[in-house]
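Next up is a structure, given as structure tokens.
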Amino acid sequence: MLRRACLCCVGAIAVSSLLSCASSGGASQARVCAIPSIDGVCHRPLDGASSTLALLFFLEPRCPIANALAPEMSRIAASAQLHGVAVYFVYPGRFADAAEIRSHNADFALGAVALLDRDGALLSAVGATISPEAAIVRREGDGQFSLLYRGRINDLFEAPGQRRPAALHDDLARALAVALAGGTPEPSRTIAIGCVLTATNSVSQKSDSIERPH
């Protein structure tokens, strides 16, 4: 199980420091500043009381696949919150716009805290690369956390532009159920299909078409 440490920083820190992740004996340490929400409130998603869970969704508001999966993400987020899981919708990239994201959250009824990960610190800390992609972490206190799951929401999309009539495997929901029971999800990694995220400019490849809720 991968163990990482989230050290909350104060003040101005270079982007290179934010994204540094040094490995030693299978363990890594990531310097992650408090991440602001779209309402200007600072959060430390990876730092929490021992044995508590956090669920992070990594999104880009103009990604068609992310928008198509928004209802399922909203459903899982609501269920997770009822079980005491801290849920965050994370928007990486220095060009993340609070007004656009606030509108996106309202349009798709994403009922959880929306974070502006402008320097990609959270993106780098858990290794997410796709919109949409989810991560489940078990926080262990003192900035320590274990990454229990990272990957797709489900397999509704077999590939970009190839959508099934319905998902065959609800990977994230199953992983969350196992984590809530105190176990370790298997598989702990799945391949997400969607738009490519980067730590600096959010999306490097995406479609111009935007799917809105009906």
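The values are calculated or read from the model by the stated rules, or taken from the named source; none is laboratory data. It should be emphasised that the depicted structure is a prediction, and the values quoted were computed from it without experimental measurement. For neighbour counting, all protein chains shown are included, and Cβ atoms are generated from backbone atoms with ideal geometry for every residue, glycine included.
From the residues in the range 123-151 that are within 17 Å of PRO61 (Cα to Cα) and of a type outside the set (Val, Ile, Thr), which one is modelled with the lowest pLDDT?
Among those that are within 17 Å of PRO61 (Cα to Cα) and of a type outside the set (Val, Ile, Thr), it is LEU123.
Specify the residue that is modelled with the lowest pLDDT; the eligible residues are those in the range 82-98 that are farther than 29 Å from GLU140 by Cβ and among the hydrophobic types (A, V, I, L, M, F, W, C).
Result: PHE95.
Now a separate question. Just to confirm my filter: which strands (runs of 3 or more DSSP E) fall fully inside the range 101-194 and include at least 3 residues that are of a type outside the set (Lys, Arg) and more than 29 Å from CYS42 (Cβ to Cβ)?
Filter on the range 101-194 gives 157-159.
Anything in the range 130-148 that is touching a helix residue (DSSP H, G or I) at 6+ places or on another chain (Cβ under 8 Å) and farther than 17 Å from VAL178 by Cβ? List them, or say none.
Listed by number, the residues that qualify are SER131, PRO132.
Mind listing whichever residues of the range 46-80 are of a type in the set (Asp, Glu) and closer than 10 Å to PRO132 by Cα?
GLU60
Let me ask you something else. Kindly provide the set of residues from the range 195-214 that are part of a loop (DSSP other than H, G, I, E, B) and either at pLDDT 95 or above or surrounded by 13 or more Cβ atoms within 10 Å (Cβ to Cβ) (or both), ordered by number.
Result: ALA199, THR200, ASN201, LYS206, SER207, ILE210, GLU211.
Let's see how each residue does on (1) in a strand (DSSP E or B); (2) closer than 23 Å to ALA173 by Cα; (3) touching an Asp or Glu at 6+ places or on another chain (Cβ under 9 Å):
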position	(1), (2), (3)
LEU55	yes, yes, no
ALA66	no, yes, yes
VAL90	yes, yes, yes
ARG94	no, no, yes
ALA99	no, no, no
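Follow-up. Considering only residues of the range 32-62 that are modelled with pLDDT under 95 and touching a Gly at 6+ places or on another chain (Cβ under 8 Å), which is surrounded by the most Cβ atoms within 10 Å (Cβ to Cβ)?
Taking the candidates together, the pick is LEU46.
Tell me, which residue of the range 140-183 that is among the polar types (S, T, N, Q) and in contact with a Lys or Arg (Cβ under 9 Å, 6 or more places away or on another chain) is surrounded by the fewest Cβ atoms within 10 Å (Cβ to Cβ)?
Out of the qualifying residues, it is SER146.
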